[in-house]
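Report on the structure given below.
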Amino acid sequence: MYDLIIVGSGPAGLSAAVYGKRAGFNVLVLEKNSMSGGQVLNTYEVDNYLGLPGMNGFDMGMTFRKHADDMGVTFVNKEMTRITDAGKYKVVTVSGGKEEQIYETKTVILATGASHAALQVPGEDRLRGRGVSYCATCDGAFFKEGTVAVVGGGDVAVEDAIFLARFCKKVYLIHRRDTLRAAKSLQDKLFSCENVEVIWDSVVEEICGQEQVEGARVKHLKEEQQVLSLDGVFIAVGLYPNTEIFKEVVACDEKGYVIAGEECTTNVPGIYVAGDVRTKKVRQIATAVADGANAVVSAEKYINSFV
């Protein structure tokens with residue numbers, strides 16, 4: 001019987017692991033991928049995490065993992081396939097080759113993160129972290145006085161374009177339709193930005209460049225192709241939470257995010273949520289780390305209630 005099982009080992013999960021060990025818990029972390037770190041591993045450089053400016057994303061992920069290892073956290077490289085609420089304890093089932101394995105725990109923290117929808121075009125994966133980004137607030141400062149493109153037409157895409165327009169020389173907003181899906185108030189702000197140009201009825205067919213983004217090949221649905229000269233491409237075509245396995249166990253909103261406030265408590269006693277998978281406005285490394293701490297504090301109160 002574990003005191004705490006954490007599902008996922010990105011910044012939220014690793015933060016929870018460290019806080020869990022400091023609370024004296026018997027902690028187990030389940031991670032389906034070969035490495036801990038989550039999305040930060042795909043970030044070329046992180047410049048907005050306090051005290052570690054300009055750190056390589058992979059190095060940051062490894063630093064977080066080492067902290068947990070040094071605390072004596074137990075890691076199992078397997079994927080959770082099911083979670084069952086058994087009242088005062090939870091049953092977590094993981095894939096284990098031909099046979100499933102079962103763990104029992106007093107509390108669970110779900111830290112499975114969220115995934116950015118990709119364009120799935122040539123050059124996107126190869127240049128990820130080298131001019132291709134999925135987070136304007138994370139990486140926008142690297143493109144000061146540069147020329148960038150934002151791909152998408154919803155609230156996030158328009159917000160990103162407005163944000164980037166503050167310090168970029170030129171911002172293109174590439175949208176596949178002739179109208180935006182973003183809120184009218186956001187559209188008004190966007191159209192008031194003199195250095196933003198909307199490219200309507202268009203899709204990105206390729207992101208170009210060798211070591212860094214150099215441009216994008218754009219296909220106009222009603223016209224000929226054109227190649228834009230760019231320093232960066234920000235992709236904002238959707239974000240989806242990794243909740244498929246447990247969305248029938250805990251309450252989720254209409255987009256699939258687990259419903260929880262700052263204390264990270266779900267509707268099921270003993271099950272908590274941390275990081276990008278939680279309902280919240282800001283999804284950053286700093287907020288994920290904070291969630292990990294808050295979730296453990298809530299879990300500790302729950303466990304102590306039975307003492």
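Derivation of every value follows stated rules applied to the coordinates shown; laboratory data play no part. Quick caveat: nothing in here was measured; it's all calculated off a predicted structure. Cβ atoms come from the backbone with ideal geometry, glycine included; neighbour counts cover every protein chain shown.
A few points about this structure:
- Relative contact order (%) - criterion: Cα under 8 Å, at least six apart; region: the stretch 167-254: 20 percent
- C-alpha center-to-center spacing [the stretch 264-283, the stretch 196-236] in angstrom: 36 Å
- Per-residue [θ]222 nm for the chain (sum of -39500 (n - 2.57) over DSSP H runs n ≥ 4, rounded to 500): -7000 deg cm²/dmol
- Estimated FRET transfer efficiency (residue 26, residue 137; beta-carbon r; R0 35 Å; 0.05): 0.40
- Relative contact order for the stretch 118-235, counting Cα pairs under 8 Å that sit 6 or more residues apart, in percent: 32 percent
- Cβ-to-Cβ counts within 10 Å put 1, 80 in ascending order as 1, 80, the fewest first.
- Between 0 and 90 degrees, the angle of helix 285-304 with respect to the longest Cα principal axis of the chain falls at about 20 degrees.
- Straight-line cross-link partners of residue 106 among the lysines, defined as a Cα under 22 Å from its Cα and at least 8 positions apart when in the same chain: 21, 32, 78, 88, 90, 247, 301.
- Net length gained if the chain between residue 245 and residue 163 were fully extended (0.36 nm per residue, minus Cα distance): 26.1 nm
- For the chain, the relative contact order comes to 20 percent (Cα pairs under 8 Å, sequence separation of at least 6).
- Qualifying chymotrypsin sites (Phe, Trp or Tyr not before Pro) in the stretch 24-98, DSSP loop, other Cβ atoms within 10 Å at most 16: 89
- The chain: angle of helix 57-70 to the longest principal axis, Cα-based, in degrees nearest 10: 10 degrees
- Measuring from each cysteine beta-carbon in the chain, the ones with no other cysteine beta-carbon under 4.7 angstrom are 168, 193, 208, 252, 264.
- When you filter the GluC sites (Glu not before Pro) in the stretch 55-154 for DSSP loop state and at most 13 other Cβ atoms inside 10 Å of their Cβ, you are left with 99, 100, 145.
- Stretching residue 70 away from residue 145 to a fully extended chain increases their span by 22.8 nm, per 0.36 nm per residue minus the current alpha-carbon distance.
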